[in-house]
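The values are calculated or read from the model by the stated rules, or taken from the named source; none is laboratory data. Everything quoted here is computed from the prediction, not taken from an experiment. Cβ sites come from the backbone with ideal geometry, for glycine too, and all protein chains shown count toward neighbours.
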Amino acid sequence: MRQSTLNANTHQDDGHYWISISDLMTSLLFIFIIILAYTIYSFTQKSDKFEESFNARSELLVDLQTSLKHKNINVDIDPKNGNMRIKSDAFFAVGSADLNQDGQQAIMQIAQEIKTKMQNKKYQQAIDTIFIEGHTDNVPISINYGRRWTNMELSAQRAINTYLMMDNGVNIKEMVNRDGRYLFSYSGYADTRPISDNDSDVGRAKNRRIELFFALTSPKLE
């Protein structure tokens, strides 16, 4: 009789054990489903916000190109990649980083248009940084300024002088992004990022440029 009672208790305990494991696995599965659903929801929200920023940037570039064309300033834009390109030959002498008179006037008007457009909250939310980039062709510079003046130095100084001229015109230093950080930056790339070949005069002329790259903000969930 005692042995039978022990066996019954043992079977009963085994049943409780398996029920506990089953409940635990069900709870874990439920938690996993909630986490997965939230992850999918968050990813969808971020994708939607990125698409909004992408479309806003494209709209901004088209808007800028149209406004500048009315002022007889022609710029090339790449709305998909966020670039606005200005041919540098009309603004800089060969081997020089100094903006000529036409270049100074054009750059200040470009700065004014950007500042005006960036008052739009939609664009403020979309753009994290505007990089002013100097680019050259691959032909070495023969002019010396006390020491060898390289294409890398030339491209960087042209970008810096463009920045300074924009700031002189409309004080772009006061412009900040969504997170309160400076909106504008500058850099020089020499011939490392060509948009055309360097084997022809036409190709090299396209590569000599000042380029404004409008970088998108990272999606932020409230």
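Go through (1) more than 25 Å from the chain's Cα centre (by Cα); (2) among the acidic types (Asp, Glu); (3) modelled with pLDDT under 80 for ASP102 and report which single condition fails.
Unmet for ASP102, out of (1) more than 25 Å from the chain's Cα centre (by Cα); (2) among the acidic types (Asp, Glu); (3) modelled with pLDDT under 80: (3).
Among the candidates ILE132, ILE127, which residue alone is out of contact with any Lys or Arg (no Cβ under 8 Å at 6 or more places or on another chain) and aliphatic (A, V, I, L, M)?
Every option except ILE132 fails the conditions.
Out of region 71-82, which residues are among the polar types (S, T, N, Q) and under 20 Å from GLN112 (Cβ atoms)?
If the condition is that a residue be among the polar types (S, T, N, Q) and under 20 Å from GLN112 (Cβ atoms), then ASN72, ASN74 are the ones that fit.
Of the residues that sit in region 181-208 and are in a loop (DSSP other than H, G, I, E, B) and hydrophobic (A, V, I, L, M, F, W, C), which one is farthest from TRP149 (Cα to Cα)?
LEU183
Determine whether region 120-138 contains at least one residue that is among the hydrophobic types (A, V, I, L, M, F, W, C) and over 28 Å from ARG57 (Cβ atoms).
no
Which of the numbered conditions does PRO140 fail, given that it passes all the others? Conditions: (1) under 23 Å from GLY82 (Cα atoms); (2) of a type outside the set (A, V, I, L, M); (3) out of contact with any Gly (no Cβ under 8 Å at 6 or more places or on another chain).
The failed condition is (1).
Of everything in region 146-166, what is touching a residue at least 12 places away in the same chain (Cβ under 8 Å) and closer than 16 Å to ILE114 by Cα? Give them in sequence order.
Matches in region 146-166: THR162, TYR163, MET165, MET166.
What's the total number of residues in region 155-180 that are at pLDDT 95 or above, part of a helix (DSSP H, G or I) and not β-branched (Val, Ile, Thr)?
Number satisfying all stated conditions: 11.
Matching residues to (1) within 22 Å of ASP63 (Cβ to Cβ); (2) in contact with a helix residue (DSSP H, G or I) (Cβ under 9 Å, 6 or more places away or on another chain):
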site	(1), (2)
MET152	no, no
ASN171	yes, yes
LEU183	yes, yes
TYR189	no, yes
ILE195	no, yes
GLY203	no, no
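Under the condition of being of a type in the set (Lys, Arg) and at pLDDT 70 or above, which residue from region 22-67 is surrounded by the fewest Cβ atoms within 10 Å (Cβ to Cβ)?
LYS49
Could you please find all residues in region 125-137 being of a type in the set (S, T, N, Q) and modelled with pLDDT of 95 or more?
THR129, THR136
Identify the residue in region 95-145 that is in contact with a Leu (Cβ under 9 Å, 6 or more places away or on another chain) and among the small types (Gly, Ala, Ser) and, among all such residues, is surrounded by the fewest Cβ atoms within 10 Å (Cβ to Cβ).
Once the filter is applied, the top-ranked residue is GLY95.
Exactly one of (1) in a loop (DSSP other than H, G, I, E, B); (2) free of Cβ contacts under 8 Å to residues at least 12 places away in the same chain is unmet by ASN138. Its number?
(2)
Name the single residue, out of those in region 170-222 being farther than 23 Å from ASN55 by Cα and aromatic (Phe, Trp, Tyr), that is surrounded by the most Cβ atoms within 10 Å (Cβ to Cβ).
This residue is TYR186.
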